[in-house]
Amino acid sequence: MKNKLDNLKKSFLEDLEKLQNRDEIIEIQNKYLGKKWELKSILAGLKDLSIEEKKEFWQTSNALKNFIIDKLEEINVELEKKAFNELWKKESIDVSLEFPSTEKGHIHPISITSKLLEEIFISLWFKIEDGPQIETEEFNFDKLNIPDNHPARDVWDTFWIDDEINKDRRSGEKYLLRTHTSPVQIRTMLKWELPIKIIVPWRVFRYEQEDARHTCNFYQLEWLVVWEKINFWNLKWTLETVMQKLLWDQTKLRFRPSIFPFTEPSAEIDVSCKICNWTGKVKKSNCKMCSATWWVELLWAGMVHPKVLEWAGIDPEKYSGFAFGMWIDRIAAQRFWVSSSRMFYQSKLKLNEQF
């Protein structure tokens, strides 16, 4: 009987060496451990053995059975690893390799314009500042001379943060998506590091009715200068220098008196429309950007209001300053002759691939 078990074990090991895949494991398992397993035919001879021989045989046969089970499990794991490694070699990608690409990405026109603006202002010794896009009423309105009861609040299209956040906050402490980058000017003035000569670009939000000139999410750039003996002539020279570098030497500016709570005196500035000028159809086209007037509103400007300086801890008797801002989207539309600033947000590859 013992010889039969040894021969069975030897036969099992020979079959293991012939294994090629996991499907063959099932066949071997059925052969040695299934209902018609070979060990069963050997057990038929137990009736001719003594009790002691039967005990010894059962121990030996159980050991062989466990040996077969463990070996099959071991081989199964090895075959799984082998299959996985083969699949890995076949499908893995070496991310360090350079793959030839027929299509290349493009920098967005707004990013191109923002970068160009930064380069122009850095050449004029301005520094770049940034701040949070979620602001408080205090920095977005109050410290800019727009208190809670000011009529300008009614025309400011504002996205307020969820009522669950603002409901228990007092006036001035409520959160909103910043409607302009002016709060960064206040934060900079509060540092008292004079002289101040900064630009503040990036994203702002307003609840606007969208058209060729307006979007609810857009990019703005403001700049601020605070020092002794700053006047409106300094503002005008800086503005003309920047715009002629940005939109070429033939660019014309038109100043219109206006009212802003945070500047006094204030002005809105129109720029000669490059879209009409480029097509040669001045005042004869249906230009959506300037409504066929040849002028498009791109900027606002003014001398910093004395109250704003006082709230920032700066003496308005000794120091003065000017501030102005522009819509980067509209500037990009003018520079690249795009008829509507909304097109920059519509993921149109035909537009972006031109730049």
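The figures follow:
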| quantity | calculated |
| --- | --- |
| Extended-chain gain in nm, criterion 0.36 nm per residue less alpha-carbon gap, Thr60 and Phe159 | 27.5 nm |
| Burial order of peptide ranges 83-90, 230-237, 338-345, 306-313 (average beta-carbon count within 10 Å, highest first) | 338-345, 306-313, 230-237, 83-90 |
| Within region 109-352, percent of DSSP bridges classed antiparallel, to nearest 5 | 95 |
| Fewest-first ranking of Glu137, Glu193, using other Cβ atoms within 10 Å as the exposure measure | Glu193, Glu137 |
| Region 109-352: C-alpha gyration tensor shape, a/c 1.5 cut-off, then a/b vs b/c | oblate |
| Pairwise FRET efficiency - Ile120 versus Leu351, Cβ, R0 = 25 Å, nearest 0.05 | 0.55 |
| Extension gain, Asn76 back to Ile26 (0.36 nm per residue minus Cα-Cα distance, nm) | 17.0 nm |
| Fewest-first sequence of Asp329, Asp270 by Cβ atoms within 10 Å of each Cβ | Asp270, Asp329 |
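No value in this document is a laboratory result; all are computed from the given coordinates. Bear in mind the structure is a predicted one, so any value in this text is a computation, not a measurement. Don't worry about glycine lacking a Cβ; one is built from the backbone with ideal geometry, like all the others, and counts go over all protein chains shown.
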